[in-house]
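Visitor: Before anything else, here's the structure in question.
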Amino acid sequence: MKTVAEQMELARKAQEAIAEYTQEQIDEVCLAVGWEVYRDDNIAKLARMAVEETGYGNEQSKIVKHKRKVGGVLHDVKNAVTVGLIERDEANGISKYAKPVGVICAILPATNPTSTCGGKAVGILKGRNAVIFKASSRARQCTAEAVRMMREGLKKVGAPEDLIQILEDGSREAIAITELMHAADLVVATGSGAVVRAAYSSGTPAYGVGQGNAVAIVAEDADVADAAEKICASKLFDYATSCSSENAVIIVADVYDTFMKEMQARHCYLVEGRDRDTLQAHMWKVNAKGKLALNMDIIAKSAQVIADGAGIGVPAGTDILLVEGREPIREDKFHDEKISPVLTVYKAQDFKDAYRILCELTSRVGRGHSCGIHTFKREYIEYLGTHMKTSRVTVRQPMSAGNGGHPFNRMPSTATLGCGTWGGNVTTENVHWKHFINVTWVNEPVEPWSFSDEEMWGAFWKKYGK
């Protein structure tokens, strides 16, 4: 077992070896690595290992996730320029040159341990960097296998295998990850709030994510059947391991009953009365630290497993459990993030009321992350874009797919969704290959600009005086 210092030395040597790679060479590296975590036989194995080791999600969804996330990143980087001159502005005398960041520490979540690993590796390598992954303690074996596969890809094209490593020192994990974050040139943290806070406090530049709690509005003009279909597909996918899975839906009163019928036709079951209280007691329990927290036994499990665990009866074939949200929202635990196929539904009087509920939900949990809306009204879309304190507004799409990039939109493909200062992050962007390069600005002399006092303040003086 290597120490952090030994792994860093290997990573730096590997990165130095590719620092002068041409664009064609590094593109070949990305294709080689990407193929290993995209090909059907490998990802079937990784999906099986991830479910068996973590107990989260389901195999078929994880296979699709590999295709979507790794394929999406490969699509995004295919024609991107990350070597040498990447931009030239003749009029302003500015040239921009891309340089590697160096060695990146990438912290992975247990919920998506192998697809996140694969997508991150491709984006990081595109900038001619090396990466050392820190696997979740629940997902070491499947992550290690993904890394082994990608190292095989590096070997095929003659690139140093130590460009991709997994943190080995598990005997003193807390100390090792701290050492790795300090030693790296950049930290990318995808995981719990505690993990992200540790990354930001490491003293190393870091990108992290905010807490999820994706909420969608179904407006009165929505195609209700289409909205229900997309919300169900999104919520059910991998048993809601994604932070972008709809955690709550706010339906305008005019279409509420129709929407609920559409949901129930898609194997959703409304949990009511005492069963609702029983379900809540099962989903949130006092943990070892004495705090009420999400029960680990329900995270990314099927609706049937959750219902059985709670001791409530549901119809055979139930895919999603529905719970009607109550107000005051702060007093109802079902407003919280659930990371499971349990969906809270709220009835709003109109769009204005839906916006009020949306703001309160995401201000309590999920600040800055995302919201969605099913509508064709530009005024509603533009209102959310203008007023909502969120990094993403996803329109008429399943949010678990749309937020992180998909062929049906042009969001950058990633599993790391910045939430801006609202969510305690340094960016509102989808963290992708552009965040893994340094850029040198070369500025050359041009015709100087100038202005007169009258040009600058003339209109101001007329209005307010000097």
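Values in this text are rule-based calculations from the coordinates and carry no lab data. Treat the numbers as computed from the prediction; the structure is a model and nothing was measured. Note that we place each Cβ from the backbone using ideal geometry, even for glycine, and neighbour counts take in every protein chain shown.
Visitor: At 0.36 nm per residue, and after removing the present C-alpha to C-alpha distance, how many nm does the segment from His182 to Asn79 gain when stretched out fully? Don't jump to the answer; show the numbers that get you there.
Guide: Details: separation 103, 0.36 × 103 = 37.08 nm, distance 3.29 nm.
Between His182 and Asn79, full extension yields 33.8 nm more.
Visitor: How much net charge surrounds Thr190 when only other residues with a Cβ under 13 Å from its Cβ are counted (Lys, Arg +1; Asp, Glu -1)?
Guide: Details: positive: Lys69, Lys120, Lys134; negative: none.
Once all neighbours under 13 Å are counted, the net charge is +3.
Visitor: Something else about it: Given +1 on the Cβ of Lys and Arg, -1 on the Cβ of Asp and Glu, and no further charges, what dipole in debye does segment 246-307 carry about its Cα centre, rounded to the nearest 20? Each step should come with its number before you reach the end.
Guide: Numbers: 8 positive and 8 negative charges, 85 e Å.
With Lys and Arg at +1 and Asp and Glu at -1, about 420 debye.
Visitor: What does the charge add up to near Thr421, with Lys and Arg as +1, Asp and Glu as -1, over the other residues with Cβ less than 14 Å from its Cβ? Don't skip to the answer; put the middle values down first.
Guide: Numbers: positive: Arg367, Lys389; negative: Glu429.
Surrounding charge for Thr421 is +1.
Visitor: Return the distance in nm (one decimal) between the two label points of a simple spin-label model at Glu168 and Gln25, each offset 7 Å from Cα along Cα→Cβ.
Guide: Placing both labels 7 Å along Cα→Cβ, they lie 2.6 nm apart.
Visitor: Sticking with this one: Taking square-rooted eigenvalues a ≥ b ≥ c of the alpha carbon gyration tensor, is segment 105-251 rounded, prolate or oblate, where a/c under 1.5 means rounded and, failing that, a/b exceeding b/c means prolate? Spell out each step's value before the answer.
Guide: On the way: a/c = 2.46, a/b = 1.80, b/c = 1.37.
Since a/c reaches 1.5 and a/b is larger than b/c, the shape of segment 105-251 is classed as prolate.
Visitor: By per-residue mean of other Cβ atoms within 10 Å, what is the highest-first order of 270-278, 63-71? Before the final figure, lay out the partial values.
Guide: Numbers: 270-278: 14.1, 63-71: 21.7.
Answer by packing, highest mean first, reads 63-71, 270-278.
Visitor: Hey, what do the phi angles of segment 2-17 turn into as Karplus ³J(HN,Hα) couplings, whole Hz, using 6.51/-1.76/1.60 and θ = phi - 60°, x for Gly and Pro?
Guide: 7, 7, 4, 4, 5, 5, 5, 4, 5, 5, 5, 5, 5, 5, 4, 5
Visitor: In whole Å, how far is the Cα centre of segment 85-138 from that of segment 254-275?
Guide: 43
Visitor: Another one. Note down the Stokes-Einstein diffusion coefficient of segment 173-217 in µm²/s, whole number, using a Kirkwood radius over alpha carbon pairs, 25 °C, and 0.890 mPa s.
Guide: On the way: Rh = 11.2 Å.
In µm²/s, the coefficient rounds to 219.
Visitor: Taking Rh as the Kirkwood radius, which is the inverse of the mean 1/r over Cα pairs, what is the Rg/Rh value for segment 44-154? Don't skip to the answer; put the middle values down first.
Guide: On the way: Rg = 16.7 Å, Rh = 15.3 Å.
With Rg and the Kirkwood Rh in hand, the quotient comes to 1.10.
Visitor: Here's a follow-up. Given the Cα-Cα distance of Glu272 and Ala316 and 0.36 nm per residue of separation, how much length would full extension add, in nm? Show your work: numbers first, answer last.
Guide: Working: separation 44, 0.36 × 44 = 15.84 nm, distance 1.72 nm.
Extra length available between Glu272 and Ala316 comes to 14.1 nm.
Visitor: Given axes a ≥ b ≥ c from the Cα gyration tensor, I'd like to know whether segment 312-466 is rounded (a/c under 1.5), prolate (a/b larger than b/c) or oblate. Present the calculation step by step, with values, prior to reporting the outcome.
Guide: On the way: a/c = 2.89, a/b = 1.77, b/c = 1.63.
Cα axes put segment 312-466 in the prolate bin.
Visitor: Moving on to the next point. On average, how much area does the Cα convex hull of segment 176-296 cover when viewed from any direction, in nm²?
Guide: Values: hull surface 42.5 nm².
Result: 10.6 nm².
Visitor: Turning to a different aspect of this structure: Less than 14 Å Cβ to Cβ from Leu294, Lys/Arg counted +1 and Asp/Glu -1: what total charge do the surrounding residues give?
Guide: +3
Visitor: In Å and whole numbers, how far do the C-alpha atoms of the chain stretch along each principal axis, longest first?
Guide: 74, 69, 40
Visitor: Related question: Sorted by mean Cβ packing within 10 Å, highest first, what order do the peptides 153-160, 337-344, 238-245 take?
Guide: Details: 153-160: 17.2, 337-344: 24.0, 238-245: 27.8.
So the order, starting with the most tightly packed, is 238-245, 337-344, 153-160.
Visitor: Taking 31 Å as the cut-off for C-alpha to C-alpha distance, list the pairs among Lys155/Lys235; Lys78/Lys230; Lys285/Lys434; Lys389/Lys434; Lys69/Lys338; Lys67/Lys99 that go past it. Before the final figure, lay out each step's value.
Guide: On the way: Lys155/Lys235 39 Å; Lys78/Lys230 29 Å; Lys285/Lys434 41 Å; Lys389/Lys434 24 Å; Lys69/Lys338 23 Å; Lys67/Lys99 29 Å.
Pairs exceeding 31 Å: Lys155/Lys235; Lys285/Lys434.
Visitor: Now for a separate question. Rounded to whole Å, give me the distance from the Cα center of segment 15-72 to that of segment 320-370.
Guide: One Cα centre to the other: 34 Å.
Visitor: Report the calculated FRET efficiency for Lys156 and Asp297 (r = Cβ-Cβ distance, R0 = 45 Å), to the nearest 0.05.
Guide: Working: r = 42 Å, r/R0 = 0.93.
It comes out at approximately 0.60.
Visitor: Here's a follow-up. Given the Cα-Cα distance of Val305 and Glu379 and 0.36 nm per residue of separation, how much length would full extension add, in nm? Kindly include the intermediate steps, with their values, before the conclusion.
Guide: Details: separation 74, 0.36 × 74 = 26.64 nm, distance 4.16 nm.
Working it through step by step, the gained length comes to 22.5 nm.
Visitor: Which order, highest average first, do 301-308, 182-189 follow once you tally other Cβ atoms within 10 Å for each residue and take the mean per peptide?
Guide: On the way: 301-308: 20.4, 182-189: 22.4.
Descending packing order for the listed peptides: 182-189, 301-308.
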